[in-house]
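These notes are about the structure you will find just below.
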Number of protein chains: 2
Amino acid sequence: MSAARRPRKRERQERILAELHADPAVRIGALAQTFAVSSETVRRDLDELSRDGRVNRTYGGAALPPMGVEASLNERYRRLVAERTRIGRLAATLVAPGEVLMIDAGSTTAHLARRLAAELGDLTVVTNGLGLATILGANPGIRVILCPGAYDAREGAVLGPETTAFLERFHANTALIGASGLTPEGPGEANAGAVWVKRAMIARSQRHVLLVDRSKFDQPSFQVVCPLNALDDLVVDAPPGGALAEAVATAGIALHVSAA
Amino acid sequence: MSAARRPRKRERQERILAELHADPAVRIGALAQTFAVSSETVRRDLDELSRDGRVNRTYGGAALPPMGVEASLNERYRRLVAERTRIGRLAATLVAPGEVLMIDAGSTTAHLARRLAAELGDLTVVTNGLGLATILGANPGIRVILCPGAYDAREGAVLGPETTAFLERFHANTALIGASGLTPEGPGEANAGAVWVKRAMIARSQRHVLLVDRSKFDQPSFQVVCPLNALDDLVVDAPPGGALAEAVATAGIALHVSAA
DNA sequence: CATTTCTTGTGGCGGTCACCACAGTTCCTT
DNA sequence: AAGGAACTGTGGTGACCGCCACAAGAAATG
């Protein structure tokens, strides 16, 4: 066995894919020239990539397969769509025209944003989610302020000290945030950068609304964002049970359960 | 006036699209046979569909566009795709690994970003374009810093005083910007907010590169971004002519014309 | 070190495509 | 009905691609 992978072929194929990302239709002749190999070799590479479904072979070259790229984000986004849609719809009813909101990046809050963009106007929204900004910006009545920061492709959001420092400069009526887990301790979050953003949003808002679907119940996460009693409203698609239900009740949180 | 649209061409093109949905890469010869027209006609159809961004032209046929980001993005982005791809490719060669870049939001710079993400790593990029951030963020070797500001849905970018103030805090090696026009006076921009962002990027960078396609030549715009001699490099898909060429030469700008 | 396997290059033949210019056709306008 | 614009076909040249078989080189194996 040899630790040294043969870099030749594999690397060339990776670079072909990169090339395709930049230019949706590459030609064999050009690739051969770029990598200083024979067209026959490129042809064999393309056939191989095509066999694995990573490219679509075309006459004289190759093209990207349709819908190839962002499976990671989309997959998360696609799960529990119906539940999140209902959560978003319900959470939107907690917002009044003229309010200033802070909305956290996330797939659940994206549904809320769709709802807000569809049925409300006259809002000011501060967010760190690029997708959120796009959705809300479609409504000209909504002023969208995007935070600065380091772009995190997995979250589709900006994170980091720039982001939190920026948030310190604003005041909002309501913070609407998501979480990757919810326990009696409070909402939890796996992404360290996102934790600080959520905390900053909570610190700068009067009312604190958490949106989570039932799959988050009793899921411990890397960090606890804030104690449970820091929350004012909890919007879910199903009532929690056991210790979590009890903790929510004793914390005096208004519980909003979306209708089926 | 004629209520009866000429069905010939349009219907054929629709059916070509339908064919493409069934088979992601069609060939000209096959299409010609299917519709009992000459290959030359199919070629013209494909070129036309490609011009409108509805298919990706390949050698010998066409493929479906990769449905990623640009489906919802502006129609503007679809025009002159080939020219902008070449401009982006050429502009990418002006960037060295390890550099810190400021890149302006725009359709031409988006092509540059694709190129950078495909072939370079080890870059730090400050940008105000959400699409740019998404494209560049796909490459984990690129640190993307997104500016804050008011989200402008038409531009897909953040603009305004927050944006320019944020930029003041950074220094970059190179600013890569687009424009909506280029005259002997200098690059012009129609969007008032975008003008200030471009100016801020230029002010905070050592080297200033302008990317424009030939359709921008001698197009006066609302505001002039900066005098022509503030630029160091000009990347275009065709050499300018007349007074513009003269002005570029006397300003001592390095002219980069992409190969056909 | 010899052998086997994998990878790549070369050369030729046939087929397809790109490009161009020109002419014929169809349809719309006036 | 005549003029014009849009659409399509034809023909020819040049370039590129696809395929095949064979051989040379590199890397892994024993």
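Each value in this text was obtained by applying a stated rule to the coordinates, not by laboratory testing. Please read these numbers as outputs of a predicted model, since none were measured by experiment. Please note: Cβ atoms are built from the backbone with ideal geometry, for glycine as well, and neighbour counts cover all protein chains shown.
Which whole number gives the average, over all residues in A:52-59, of C-beta atoms from other chains lying within 10 Å of the residue C-beta?
Mean shielding count: 4.
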**Item:** Radius, Kirkwood style, for the stretch A:193-238 when every pair of distinct Cα atoms is counted (Å)
**Value:** 11.6 Å
**Request:** Grab the DSSP H runs of the protein assembly as shown that are 4 residues or longer, score each as -39,500 (n - 2.57), total them, divide by all residues and round the 222 nm result to the nearest 500 deg cm²/dmol.
**Result:** -12000 deg cm²/dmol
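So if the hydrodynamic radius of the protein assembly as shown is defined as the Kirkwood radius over C-alpha pairs, what does Stokes-Einstein give as its diffusion coefficient at 37 °C and 0.692 mPa s, in µm² per second?
This corresponds to a translational diffusion coefficient of 131 µm²/s.
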**Message:** Along the Cα→Cβ direction, 7 angstrom out, place labels at A:HIS171 and A:SER215. What is the inter-label distance in nm?
**Reply:** 3.9 nm
**Request:** In nm to one decimal, list the spacings between the B:GLU48 label point and its equivalents in the other copies, with label points set 7 Å along Cα to Cβ, shortest first.
**Result:** 4.2
**Asked** Once amide H atoms are placed 1.01 Å from N in the peptide plane, what residues at a sequence separation of 5 or more from A:LEU64, or on another chain, have their amide H within under 5 Å of its amide H?
**Response** A:ASN56
**Vicinal HN-Hα couplings computed from phi for the stretch B:141-150 (Karplus, 6.51 cos²θ - 1.76 cosθ + 1.60; Hz; Gly/Pro x)** = x, 10, 8, 10, 10, 9, 7, x, x, 7
**Under the Karplus curve 6.51 cos²θ - 1.76 cosθ + 1.60, θ = phi - 60°, whole-Hz ³J(HN,Hα) for the stretch B:98-109, x wherever Gly or Pro sits** = x, 6, 10, 10, 10, 10, 6, 6, x, 6, 6, 5
**Prompt:** What nm distances, shortest first, do you get from the label point of B:THR93 to those in the other copies when the point sits 7 angstrom along Cα to Cβ?
**Reply:** 6.2
**Request:** Loop only per DSSP, at most 14 neighbouring Cβ atoms within 10 Å: give me the chymotrypsin sites (Phe, Trp or Tyr not before Pro) in the stretch B:131-222, ordered by residue number.
**Result:** B:PHE222
**Asked** Could you give the Stokes-Einstein D for chain A in µm² per second, using the C-alpha Kirkwood radius, 25 °C, 0.890 mPa s?
**Response** 119 µm²/s
**Asked** Excluding same-chain residues fewer than 8 positions from B:LYS216, which lysines have a Cα within less than 24 Å of its Cα?
**Response** B:LYS198
**Request:** Within 10 Å of each Cβ in peptide A:149-158, how many partner chain Cβ atoms are there on average? Round it to a whole number, please.
**Result:** 5
**Request:** Rank the residues B:GLU119, B:GLU155 as a footprinting-exposure proxy: fewest other Cβ atoms within 10 Å of their Cβ go first.
**Result:** B:GLU119, B:GLU155
**Fill in**
In whole Hz, the Karplus estimates of ³J(HN,Hα) for the stretch B:191-206 (6.51, -1.76, 1.60; θ = phi - 60°; x where Gly or Pro) are 8, 4, x, 5, 4, 5, 5, 4, 4, 5, 5, 5, 5, 9, 10, 7
**Message:** As I understand it, the value is the acute angle between the Cα axis of helix B:39-51 and the longest principal axis of the Cα atoms of chain B; what does it come to in degrees, rounded to 10?
**Reply:** 30 degrees
**Request:** Report the label-to-label distance for B:ASP52 and A:ALA254 in nanometres (one decimal), using points 7 Å from each Cα along the Cα→Cβ vector.
**Result:** 5.0 nm
**Calculated FRET efficiency for the pair A:ALA230/A:THR93, C-beta based, R₀ 35 Å, to 0.05** = 0.95
**Item:** Relative contact order (percent, whole number), chain A, Cα cutoff 8 Å, 6+ residue spacing
**Value:** 14 percent
**Asked** Mind checking which of A:GLY106, A:GLY242, A:GLY181 has the largest fluctuation in a GNM of chain A, springs on alpha carbons under 10 Å?
**Response** A:GLY242
**Request:** Sort shortest first the distances from B:HIS171 to its counterpart in every other copy, using label points 7 Å along the Cα-to-beta-carbon line, and give them in nm.
**Result:** 3.8
**Item:** Antiparallel content of DSSP bridges confined to chain B, in %, to 5
**Value:** 40 percent
